[in-house]
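S.K.: Sharing a structure with you now.
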Amino acid sequence: MTEEAAKGPARLPILMYHGLHADADARGRFDPVYSLAPEQFARQLDWIQAQGYRCMLLDEAMQQRGDRALVISFDDGDLSNIEVALPLLLERGMKAEFYITTGFIGATGMLSADEVRQLAAAGMGIGSHGCSHSFLEDLDTTALMSELDDSRSRLQALSRRPVDAIALPGGRGGERELLAAQSLGYRHVLGSVPGRNLRARSDRCLQRLAITRNLGIDDFAALVRWQGLAPRLMQARHAALSLPKRVLGNHGYQRLRERLL
Ligand SMILES: [Zn+2]
């Protein structure tokens with residue numbers, strides 16, 4: 001990597017989406033926190049374009065010098081990625097990254113193998129989100145390596161392109177997961193710590209902004225611009241949630257979250 005490329009963009013908002021569902025009856029897997037209504041997503045895309053952001057694939061965005069690069073990403077591989085998100089992106093000439101959990105491929109409400117192929121053929125980015133969606137930091141080294149490597153081989157075979165990014169399931173992972181991913185040839189590792197990626201570097205976990213159903217367009221705008229109260233609130237919420245994660249462990253935290261939701 002050249003020194004220039006290592007510096008990365010001045011700042012890079014990376015948006016993290018999951019599914020797009022009008023309500024719990026929509027096709028795919030509805031989540032009360034992470035599912036956005038399709039028109040909510042469309043409005044956000046229109047705002048991004050009107051503000052002059054250049055919506056790029058991650059690799060391309062990491063080479064940028066300017067302040068206006070932005071990346072849209074989707075985790076898990078919900079069916080709405082192709083049925084709802086893809087047409088909304090294509091009609092605006094925009095691209096997104098899709099981080100797919102390979103063990104979910106073909107499951108009810110999730111993308112099929114052929115649909116992953118179609119996303120790649122439509123010019124979208126394909127990346128890994130593990131095989132089983134296990135939190136990688138809970139796994140021993142052998143299991144960690146196979147989650148990283150098997151998901152990557154499967155997605156490379158489907159997309160017929162190199163897969164060089166992984167979004168950590170649950171955003172969970174640290175130095176060990178980063179080094180393991182790099183040793184297998186991944187060039188970008190994304191977490192879910194909120195931030196704007198000031199002088200983003202590929203040898204660190206990239207920060208992302210979780211876009212949730214309750215987020216109004218003004219707060220969305222404040223997050224992307226990283227101005228006002230919305231970014232502080234998101235950071236505070238993330239910090240408050242990581243405390244029970246540390247105390248309860250990932251399994252206990254997940255049970256608490258399920259009960260609360
Ligand atoms: Zn996920």
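S.K.: Of the options S35, G106, Q49, report the single residue whose Cα projects farthest towards the positive end of the charge dipole of the chain (beta-carbon charges: Lys, Arg +1; Asp, Glu -1).
M.R.: Working it through, the farthest residue towards the positive pole turns out to be Q49.
S.K.: To continue, here is another question. For the stretch 3-228, what is the charge dipole size about the Cα centre, in debye to the nearest 20, if Lys and Arg each add +1 at the Cβ and Asp and Glu each add -1 at the Cβ?
M.R.: It comes to approximately 740 debye.
S.K.: Next question. Per residue, how many Å² of accessible area does the stretch 3-228 show with a 1.4 Å probe?
M.R.: About 40 Å² of surface per residue is accessible.
S.K.: Report, to the nearest whole %, how much of the accessible area of the stretch 39-183 belongs to carbon and sulfur atoms, 1.4 Å probe, protein only.
M.R.: Solvent-exposed carbon and sulfur of the stretch 39-183 make up 49 percent of the total.
S.K.: Could you give the C-alpha radius of gyration of the stretch 110-261 expressed as a fraction of 2.2 N^0.38 Å, taking N as the number of residues it contains? Could the numbers behind the result be given before it?
M.R.: On the way: Rg = 16.7 Å, N = 152, 2.2 N^0.38 = 14.8 Å.
It is 1.12.
S.K.: OK, next. Mean projection of the alpha-carbon convex hull of the stretch 128-218 over all orientations, in nm²? List each step's numbers first, then the result.
M.R.: Working: hull surface 28.2 nm².
Averaging across all directions leaves 7.0 nm² for the Cα convex hull.
The values are calculated or read from the model by the stated rules, or taken from the named source; none is laboratory data. Because the structure is predicted, anything quoted here is derived from the model rather than measured. FYI the Cβ positions are ideal-geometry reconstructions off the backbone, even for glycines, and counts take in every protein chain you see. Surface areas here come from the heavy atoms of the whole protein model, side chains and all, with no ligands, DNA or RNA. Shrake-Rupley method; radii C 1.70, N 1.55, O 1.52, S 1.80 Å.
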